[in-house]
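The values are calculated or read from the model by the stated rules, or taken from the named source; none is laboratory data. Note that this is a predicted model, so its numbers are computed, not measured. Note: ideal-geometry Cβ built from the backbone for every residue, glycine included; neighbour counts use all protein chains shown.
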Amino acid sequence: MKTRRIALQGKKRPASYRRRRDPMNGNLDAPWFYLFLSVFTFIVSLCLLILACSVLMPADDSVPGNAFEIQTSFSFFHKTGDAISLYAPGYKKPFAISWLSGYEVPLPDPSLLCKGDIYRVVVVEARSQYAICSVATADMGQIISAYDRNTAYRNTQFIPCICVIIMCAGFAVLSIFMILVGRYPEHFPGWFRDMFYNSKAWTSPAGTYDKAYYRRHRKR
């Protein structure tokens, strides 16, 4: 470790110095830590980026694997914010229609659903409610389809997903530059290097990585 801390003092690094099995070319005191941090940040950002993009994909008529069908009627409803809760006889949990603002088709008046008619409802059971995926009449007349519900979810998540995509793309690019700056600091200005590493992280004085320094001393 002591040899890494020797200042260049106007001499170009010997080739053997760079040929070491060091991912940062001997420029940083903890090269493997910074490499792991960069790769980990890139992988996490990429996974979140793919997840956010998948939400924005065109909607389909699929339902979650744990969804199941219930035949029931509704007695009354309650609207709160961007959701409607329908209450059915014999069920303690309400049946919730969420993301009302995202629906591209007009939804039926909830009071018309509470007249005692039997409906075939596909739901996913949550802790405090049944999340409605689709609603159909007893003779399979579609009222709310899974496609409509999935489209509503996508529409309401559009802005958050765009923000996540921009943020993840930024972190992915920063993680790449973190490796590049660590390996080739002489190709970047000092203010840019300081964005990724502080002065204590380098094995040599900060000025020895300046491009002008390399030009002045490359023949010595």
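At a glance:
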read-out	value
The stretch 153-193: number of residues that are of a type in the set (Gly, Ala, Ser) and crowded, with 17+ Cβ neighbours inside 10 Å	3
Hey, Ser85 buried (at least 16 other Cβ atoms within 10 Å of the Cβ) and either assigned to a loop (DSSP other than H, G, I, E, B) or not assigned by TED's automatic domain parsing to the domain that holds Leu180 (or both) or not	yes
Candidates Tyr87, Tyr91, Tyr119, filtered to the one that is within 16 Å of Ser145 (Cα to Cα), among the aromatic types (Phe, Trp, Tyr) and at pLDDT 90 or above	Tyr119
Subset of the stretch 22-43 (residues that are surrounded by fewer than 17 Cβ atoms within 10 Å (Cβ to Cβ), of a type in the set (A, V, I, L, M) and in contact (Cβ under 8 Å) with a residue 12 or more places away in the chain)	Ala30, Leu37, Val39
Unique residue being touching a Cys at 6+ places or on another chain (Cβ under 9 Å) and over 21 Å from Asp148 (Cβ atoms) when the list is Leu28, Leu56, Leu48, Leu35	Leu48
Tally, over the stretch 124-160, of residues that are at pLDDT below 90 and among the acidic types (Asp, Glu)	1
Extreme residue, modelled with the highest pLDDT, among residues of the stretch 48-65 that are more than 27 Å from Val173 (Cα to Cα) and among the small types (Gly, Ala, Ser)	Gly65
